[in-house]
């Protein structure tokens, strides 16, 4: 079937805009073939000005007329949104959700017209849905995204979803039952890293560094360390040992961190985020 738009966005705030920027920057589509709907006039005006895409005032226009549909609204309003667009979607469309805590089953049931708490078993009604968990570095093209697929998603559409999410960072396919783990390790972790950078910089200031320079030193150290893990393929412990001289400053710092329970504290923070994600999915 032919569609008016190649890609449509239902909701296009910060995350939707980051995805849109990646799509346009990678030439996966052009502004004239992309459309978005948004709740506020300010967002609609921003999208027109920044991206020159088509703007629709009604979510149903996006749902009916887009080959690929991104649902990028807050999870709390999905029930209201799904009621207005239910039963619109066809089996050749690809639906991409970036909503936290909404499973493939719930999204499918809601969009084909079932209440999300009702039961059904007809696989012929299964839509092609991608459940994605990007993180906020998407805003600068450095996202880490997890992708899970409904059984109906074709290989071609899996490849398309991978191209889209790789256009603003990196992506990995995972089983949906690991999505809560990804939420803790990747989805929420930028906030933990910001807190660590802030603490590192605070100590730099206490030792005499100017505030802004201290932030720069701390942030660049984190960035460089992350790239070392990704680009060398070495175990983080091996990289740690390589910069830890006998009797030196680094081992003194590591010993203090271990004494204060640094490793266990980080694990407990991630565990708390994972458990909260599980609770939100119920």
Residue hits (the range 206-233; within 20 Å of residue 172 (Cα to Cα) and either surrounded by 12 or more Cβ atoms within 10 Å (Cβ to Cβ) or out of contact with any helix residue (DSSP H, G or I) (no Cβ under 9 Å at 6 or more places or on another chain) (or both)) are 226, 227, 228, 229, 230, 231, 233
If I filter the range 87-98 down to residues being touching a helix residue (DSSP H, G or I) at 6+ places or on another chain (Cβ under 6 Å) and surrounded by fewer than 22 Cβ atoms within 10 Å (Cβ to Cβ), which single residue comes out as modelled with the lowest pLDDT? 88
When every residue in the range 32-55 that is in contact with a strand residue (DSSP E or B) (Cβ under 8 Å, 6 or more places away or on another chain) and surrounded by fewer than 22 Cβ atoms within 10 Å (Cβ to Cβ) is compared, the one nearest to residue 95 (Cα to Cα) is 33
Give me the residue from the range 242-282 that is within 21 Å of the chain's Cα centre (by Cα) and not in a helix (DSSP H, G or I) and, out of that set, modelled with the lowest pLDDT. 282
I'm trying to understand the selection: among the residues of the range 71-81, which are crowded, with 23+ Cβ neighbours inside 10 Å and closer than 16 Å to residue 112 by Cα? 71
Quick check: is even one residue across the range 75-83 in contact (Cβ under 8 Å) with a residue 40 or more places away in the chain and under 18 Å from the mean Cα position of the chain (by Cα)? yes
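The values are calculated or read from the model by the stated rules, or taken from the named source; none is laboratory data. Just so it is clear, the model here is predicted, and its values are computed rather than measured. In this analysis, Cβ positions are derived from the backbone assuming ideal geometry, glycine residues included, and neighbour counts consider all displayed protein chains.
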